[in-house]
1. What percent does the relative contact order of region 1-136 come to when contacts are Cα pairs within less than 8 Å and at least six residues apart?
2. Given a 1.4 angstrom probe, I'd like the percentage of the accessible area of region 6-71 that is carbon and sulfur, rounded to a whole number.
3. Can you give the charge dipole size of region 7-126 about its Cα centre, rounded to the nearest 20 debye, using +1 on the beta carbon of Lys and Arg and -1 on the beta carbon of Asp and Glu?
4. What percent does the relative contact order of region 30-69 come to when contacts are Cα pairs within less than 8 Å and at least six residues apart?
5. Taking +1 at the Cβ of each Lys and Arg and -1 at the Cβ of each Asp and Glu, which of Cys111, Gly71, Gly42 sits farthest along the dipole of region 1-116 towards its positive end, judged by Cα position relative to the Cα centre?
6. Around Ser22, what is the net charge, scoring Lys/Arg as +1 and Asp/Glu as -1 over all other residues with Cβ under 11 Å from its Cβ?
7. Cβ under 15 Å from Glu79's Cβ, Glu79 left aside: what net charge do those residues give with Lys, Arg +1 and Asp, Glu -1?
8. For Asn141, what is the net charge nearby, where nearby means another residue's Cβ is under 11 Å from its Cβ and Lys, Arg count +1, Asp, Glu -1?
Amino acid sequence: MLDAPSPFNVGTSWTFDNIALSVTNMDRAVRWWSEVFGFVPGYRTWITPLGAEFQILERPDMCIELLSQPGSTRHADAEVVPGPHLRTSGAKAVVFRTDDLDAATRHLERCEVEFVWKSQVLSEDGLRSTMVREPDGVLVNVLCYPKGGVQKGAELTQPLDATRATHN
């Protein structure tokens, strides 16, 4: 989080509400997010201008919005490979945080989800993750930060190489 006050001031309160995912099968998606990540169905309606089902899934700490149009299909990039997928802009994953990645990974194994990787070390300082795909191919990443927490302003553990530095 930023230490300085935000210049955003429009005279009303704003809070983050949710992320939205387009799904091909609403019932399957609701079941998956409920069984795997503990969401419960909340508000549900039909969005007339979009011609789509609308379902809010809730947990005490967050919400996910699911949208589904009749006849929708899985996106051609649903099998994207982590890493190269960062070469194009846009949302890349739904990300959760845990303090016990081993227990989270065992839970995901019991849920028989599609794994991209398990308990992968991401950085020299100990950042680890388990990454899975939800039924429509969206990447879902579970991060476990190094012991001692996230350090603000910490230097990168790996210096930028010349090819990465030129793409800023």
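1. Details: 160 pairs, mean separation 27.3, N = 136.
Relative contact order, region 1-136: 20 percent.
2. On the way: 2400 of 4290 Å².
Accessible surface attributable to carbon and sulfur in region 6-71 totals 56 percent.
3. Working: 11 positive and 17 negative charges, 64 e Å.
Once rounded to the nearest 20, the dipole reads 300 debye.
4. Numbers: 63 pairs, mean separation 13.0, N = 40.
Once normalised by length, the contact order is 32 percent.
5. Projecting each Cα onto the dipole axis, the largest value belongs to Gly71.
6. Details: positive: Arg74; negative: Glu53, Glu65, Asp136.
Counting the neighbours of Ser22, the net charge comes to -2.
7. Working: positive: Arg74, Lys92, Arg133; negative: Asp77, Glu114, Glu134, Asp136.
So the surrounding residues net to -1.
8. Working: positive: Lys92, Arg97, Arg128, Arg133; negative: none.
Residues near Asn141 contribute +4 overall.
The values are calculated or read from the model by the stated rules, or taken from the named source; none is laboratory data. Keep in mind the model is a prediction, meaning the values are calculated, not measured. When we count neighbours, we look across all protein chains shown, and the Cβ atoms used for this are built from the backbone with ideal geometry, even at glycine. Accessible surface areas use protein heavy atoms only, side chains included; no ligands, DNA or RNA. Shrake-Rupley method; radii C 1.70, N 1.55, O 1.52, S 1.80 Å.
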